[in-house]
Amino acid sequence: MLAQLRAFLLEPDPTPAQAAAPLRLLFALAFGGQFGVVALAWLVLALLVTPTPSERALTAQVLLGVTLLELPLALGAAAFVARSGGKEGAMAASIALGVVLAAPAWFALFVWLSGGARLYLAAFLGALALYYLLGWMLAARYSALVETA
């Protein structure tokens, strides 16, 4: 996969077909990097902290609402970044999608730290899976931008 990314970067005028896989790879790296940092923080905190269960669910509900509002935010941010067009715009849009769509992982960590119910943690993980799938599909859409430069 990295060879495809290298070929994409070195190609002066790539076709959309040549751009789709590298843009998806950039999305996956951005999403996975963000998720990896959260997983590492979660592991360290799990060793150091024992959250006490809380019956209050307001924090989890608010963060779940923010998670739902995050999809249009991610789409808007990626579209704004993609305005520059060309390879650079397509790459920036894919990376922006990966970073913004992985943010619910941070919310899940916070809910876990505050003693939120497992139902909310499952909802955040479901949102992450859905956002990864949507981002994976949308990253390839930005391959059409590489011809506009």
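The values are calculated or read from the model by the stated rules, or taken from the named source; none is laboratory data. Just so we're clear, the structure is a prediction, and the values are computed from it rather than from any experiment. Note: ideal-geometry Cβ built from the backbone for every residue, glycine included; neighbour counts use all protein chains shown. To get the accessible areas, we keep the full protein, side chains included, count just its heavy atoms, and leave off ligands, DNA and RNA. Shrake-Rupley method; radii C 1.70, N 1.55, O 1.52, S 1.80 Å.
Among Leu71, Leu101, Leu43, which is modelled with pLDDT of 95 or more, of a type outside the set (Val, Ile, Thr) and closer than 22 Å to Leu23 by Cα? Let's see the steps before the verdict.
Values: Leu71 fails: modelled with pLDDT of 95 or more; Leu43 fails: closer than 22 Å to Leu23 by Cα.
Going through Leu71, Leu101, Leu43 in turn, just one is modelled with pLDDT of 95 or more, of a type outside the set (Val, Ile, Thr) and closer than 22 Å to Leu23 by Cα: Leu101.
Suppose we filter Ala122, Ala129 for residues that are without any contact (Cβ under 8 Å) to a residue 40 or more places away in the chain, open to solvent by 50 Å² or more (accessible area, probe 1.4 Å), within 21 Å of Ala28 (Cβ to Cβ) and in a helix (DSSP H, G or I); which single one remains? Full working, then the answer.
Numbers: Ala122 fails: within 21 Å of Ala28 (Cβ to Cβ).
Exactly one residue qualifies, and that residue is Ala129.
Would you check which residues across the stretch 58-74 are more than 26 Å from Ala96 (Cβ to Cβ) and surrounded by 16 or more Cβ atoms within 10 Å (Cβ to Cβ) and list them?
Of the residues in the stretch 58-74, the ones more than 26 Å from Ala96 (Cβ to Cβ) are 58-61.
Residues satisfying the conditions are Thr59, Ala60.
Which condition number in (1) over 24 Å from Leu134 (Cα atoms); (2) more than 22 Å from the chain's Cα centre (by Cα); (3) not charged (D, E, K, R) is the one that Gln18 fails?
(1)
Determine which single condition Ala41 fails, assuming it passes every other condition in (1) over 19 Å from the mean Cα position of the chain (by Cα); (2) among the hydrophobic types (A, V, I, L, M, F, W, C); (3) farther than 20 Å from Leu145 by Cα.
Of the numbered conditions (1) over 19 Å from the mean Cα position of the chain (by Cα); (2) among the hydrophobic types (A, V, I, L, M, F, W, C); (3) farther than 20 Å from Leu145 by Cα, the odd one out for Ala41 is (1).
If I filter the stretch 10-20 for residues that are in contact with an Asp or Glu (Cβ under 8 Å, 6 or more places away or on another chain), outside any helix (DSSP H, G or I) and open to solvent by less than 90 Å² (accessible area, probe 1.4 Å), do I get at least one hit?
There is at least one residue in the stretch 10-20 that is in contact with an Asp or Glu (Cβ under 8 Å, 6 or more places away or on another chain), outside any helix (DSSP H, G or I) and open to solvent by less than 90 Å² (accessible area, probe 1.4 Å).
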